[in-house]
Amino acid sequence: MKITAIETFLVAPRWLFLKLSTDEGISGWGEPVVEGRAETVRAAVQELSELLIGQDPLRIEDHWQVLRRGGFYRGGPVLSSALAGFDQALWDIAGKVRDAPVHELLGGPVRDRVRVYSWVGGDRPADIREAVAAQVEAGFTAVKMNVAGPLTAIASPAEVTAAVARAWEAREVLGPHRDLAIDFHGRVSPAMARRLVKLLEDVQPMFVEEPVLPETQGDALRAVVEASTVPIAVGERLYSRWEFKPVLDAGVAVVQPDPSHAGGISELRRIGALAEIYGASLAPHCPLGPISLAASLQVAFATPNFLIQEQSVGMHYHEGREHGYLVDPSIFAFQDGYAARPLKPGLGIEVDEAAVRRADEVGHTWRSPVWRHDDGSLAEW
């Protein structure tokens, strides 16, 4: 079998899909995208395609090594996301060739269902009680929310009190038997992160996510880890196992590689194994489209130290389009806050190619918001 064509599709609300075709009529799908930089990743996919045309798609690991290491400059969000899309599509083909879901090729399932969580509150969290109650009513046993909107380097007592109060609102609705994850989204300075995680201890979050920016991790991250008993999670802006080792050395409890950013299924699997050595859990980051989620679930079913899966149904960015590009979206019909084990070959989904091609004719130009503080200076989104 040989790879004959590689196509990309820019589809709303903010995604990029990849189709890899072969001379035997078997195709695979991937989702290589950086939110707000989809066109840039599309160009990277086109450049890297030269390395795969005419090759055997079943040599997945060799292709991963060539795509990662075949150029002098490597890594980073754009190249790692392009690689991730290829890797997902190659695993999709391998599963279809062998008539097995990808998780069976990864060693078989280690669980019968995968716990998922849902987002509430938006970028500037509001109406927390109502939003959390709606997710509880929908059967979810865990939710995640941002701690606050833009924060200054030394936030005021009022800002800090409001952030903690929001967390308590969510906890009161969830009760003691459901979980709350809190995302700092890199908006909090290291000094304020230490203060906030300490104040959140009594809320008992499942984890606090990205308490400091990736570029300030290391000693700053270790200080946040040591500031309280709250489990710390990081990883959505880390792109390889080499970048995860220092944060694991700093003592994080949860790693969150993204299947569309961190080198795809192959690298997620390795990052999970690395985390296992440290006693840390894997909770893949996945606020993207259905192909990315399908890939992430395949890893979740085969990973012993998996914790919980992010998914984007109802997320404020997505305008209800989460599964509009699938022939049968019922694979993501979660029951009691869990995803059932996918049994179909490959990634376990059938992409509605006609719908994808129609969407690509329109495309999108989604960009990350640009926030500013009251004094006009740039704020972290």
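The values are calculated or read from the model by the stated rules, or taken from the named source; none is laboratory data. Keep in mind that this is a model prediction, so the values were computed, not measured. Counting neighbours? That spans all protein chains shown, and the Cβs are built from the backbone with ideal geometry, glycine included. What goes into the accessible areas is simple: the full protein's heavy atoms, side chains included, and nothing from ligands, DNA or RNA. Shrake-Rupley method; radii C 1.70, N 1.55, O 1.52, S 1.80 Å.
Over segment 139-282, Cα pairs under 8 Å with separation of 6+ residues give a relative contact order of 18 percent. In the chain, the DSSP beta bridges split such that about 50 percent are antiparallel, to the nearest 5.
For segment 114-222, the C-alpha radius of gyration divided by 2.2 N^0.38 Å, with N the number of residues, is 1.04. The smallest convex shape that holds all Cα atoms of segment 59-173, its convex hull, gives 172 Å³ per residue. Using a probe of 1.4 angstrom and keeping all protein chains present, the accessible surface of segment 122-249 works out to 42 square angstrom per residue.
Value of Rg to Rh for segment 231-313, rounded to two decimals, is 0.92; Kirkwood radius and Rg both from alpha-carbon coordinates.
Computed over the chain with a Gaussian network model linking Cα atoms closer than 10 Å, the most mobile of Trp64, Trp366, Trp119 is Trp366.
Taken over the chain, the convex hull of the Cα atoms encloses 132 Å³ per residue.
Looking at segment 61-114, the pairs of alpha carbons with a distance over 19 Å make up 42% of the total.
In degrees from 0 to 90, rounded to the nearest 10, what is the angle of the helix 157-174 Cα long axis to the longest principal axis of the chain? Tilt of helix 157-174: around 60 degrees.
The dipole here belongs to segment 206-318: it is taken about the Cα centre, uses +1 on the Cβ of Lys and Arg and -1 on the Cβ of Asp and Glu, and is about 280 debye. Beta bridges from DSSP with both residues in segment 119-229: antiparallel share about 0 percent, rounded to the nearest 5. With R₀ set to 30 Å, the beta-carbon distance separating Gln55 from Ile277 gives a calculated FRET efficiency near 0.35. Taking the longest Cα principal axis of the chain as reference, the axis of helix 38-49 is set at about 40 degrees. Cα convex hull, segment 196-237: 58 Å³ per residue, rounded to a whole number. Taking the Cα centre of segment 1-140 as origin and assigning +1 to Lys and Arg Cβ atoms and -1 to Asp and Glu Cβ atoms, the resulting dipole is close to 300 debye. Here segment 177-309 is treated as an ellipsoid with the same Cα gyration tensor; its semi-axes, largest first and in whole Å, are 23, 15, 13.
Percent of accessible area on the chain owned by carbon and sulfur, 1.4 Å probe?
Of the solvent-accessible surface of the chain, carbon and sulfur hold 50 percent.
The Cα atoms of segment 241-381 give a gyration tensor whose axes a ≥ b ≥ c have a/c of 1.5 or more with a/b no greater than b/c, which makes the shape oblate. Helix content alone sets the calculated 222 nm mean residue ellipticity of the chain: runs of n ≥ 4 DSSP H residues at -39500 (n - 2.57) each, divided across all residues, give -11500 deg cm²/dmol.
Average projected area of the Cα convex hull of segment 1-77, in nm²? Computing the convex hull of the Cα atoms and averaging its projections yields 5.1 nm². When the convex hull of its Cα atoms is viewed from all sides, segment 151-193 shows a mean projected area of 3.2 nm².
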